[in-house]
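Since every read-out is calculated from the coordinates, none of them should be taken as a lab result. This structure is a prediction, so every number in the text was calculated from the model and none was measured. Reconstructed Cβ throughout: ideal geometry from the backbone, glycine too, with neighbour counts over all protein chains shown.
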Amino acid sequence: MNRAALLVLADGRFPAGGHAHSGGAEAAVMAGGVHDVASLEEFCRGRLHTSGLVAAGLAAAAATGHDPLLLDRAADARTPAPALRLAARRLGRQLLRAARATWPSDDLDALAAARPRGAHQPVVLGLAARSAGLTPLDAAYAAGYESVSGPATATVRLLRLDPLDAAGVLARLAEGVDQVAARAAEAARRVQAMGVEALPAASAPLLDIIAEQHVARPVRLFAS
């Protein structure tokens, strides 16, 4: 098992397009909900245990080997905001390009052919992890960590926060990432017997609302 591949997959410098997205942080900053280190940590914690948990479950299920097209439809059902569905598919398309170049596999090629406009990013992430020889738990870790590292990094730019403070936020969220990854991997194990209904479906209505507000802004730094 090539566990070092997890470092490549979770690296913010991996060319998967995440640098152009803030994970809702820009909209939260514009709305005044995120304005300092404490509010950033609160925002990231909430995102981790809602959309982050959902993403981790989908990624773990894809890494387990469950049908990615079925999981992609499950991701659609768990993403009610059109703006977030569009962002997830754009990110998925870019990640798929990077993953196919890095860990070529028939599974990735088949998904690219079936979803030329992009599959949901967590599904692609899980399939990329599987192609890289990683476990479903690894995929869940990558998705959970990404759900908080993206907003934290974006907020450094948006509010000119000290990068050391943002790193501290991520360190304090580490235990939460552990919990989310474990829950997601366990849910993925139940999909064979229970179907995709076994996967987390936590909602974050405020994230949905601010995503729609954000995409309507004529001027913005991040795509989402």
Residues Met194, Met30 arranged by fewest to most Cβ contacts within 10 Å: Met194, Met30
Alpha-carbon Debye profile of the stretch 1-120, log10 I(q)/I(0) at 0.18 Å⁻¹: -1.09
Between 0 and 90°, nearest 10: helix 174-194 axis offset from the chain longest Cα axis: 40
In Hz, Karplus ³J(HN,Hα) per residue of the stretch 49-61 (6.51, -1.76, 1.60; θ = phi - 60°; x = Gly, Pro): 8, 10, 5, x, 5, 4, 4, 5, x, 5, 5, 5, 5
³J(HN,Hα) computed for each position of the stretch 28-38 - Karplus, 6.51 cos²θ - 1.76 cosθ + 1.60, integer Hz, glycine/proline x: 5, 5, 4, 7, x, x, 10, 9, 7, 5, 5
Simple spin-label estimate for Leu206 and Asp106 in nanometres, 7 Å along Cα-Cβ: 4.8
Computed FRET value (nearest 0.05) for Arg45 with Arg73, which takes r as the C-beta separation and R₀ as 30 Å: 0.55
Exposure proxy ranking, count of Cβ atoms within 10 Å, fewest first, for Val219, Val29: Val219, Val29
Fewest-first ranking of His214, His35, using other Cβ atoms within 10 Å as the exposure measure: His35, His214
With Cα atoms, 0 to 90° folded angle of helix 205-215 axis to the chain main axis: 80
Values of log10 I(q)/I(0), in the order q = 0.18 Å⁻¹, for the stretch 35-214 under a Debye, Cα-only, solvent-free model: -1.15
In sequence order, calculated HN-Hα J values of the stretch 196-202 (Karplus, 6.51, -1.76, 1.60; Hz; x Gly/Pro): 5, 5, 6, 6, x, 9, 5
The chain: angle of helix 82-102 to the longest principal axis, Cα-based, in degrees nearest 10: 60
Residue among Arg189, Arg78, Arg117 with the largest mean-square fluctuation in a Gaussian network model of the chain, springs linking Cα atoms under 10 Å: Arg117
Radius of gyration and maximum dimension Dmax of the stretch 95-186, Cα, Å: 15.4, 43
Within a Gaussian network of the chain (alpha carbon springs, distance under 10 Å), most fluctuating of Asp162, Asp178, Asp138: Asp162
Euclidean distance between Cα centres, the stretch 1-71 to the stretch 132-184, Å: 7
Two-site label geometry, Asp178 and Gln192: point separation in nm, points 7 Å out along Cα→Cβ: 2.8
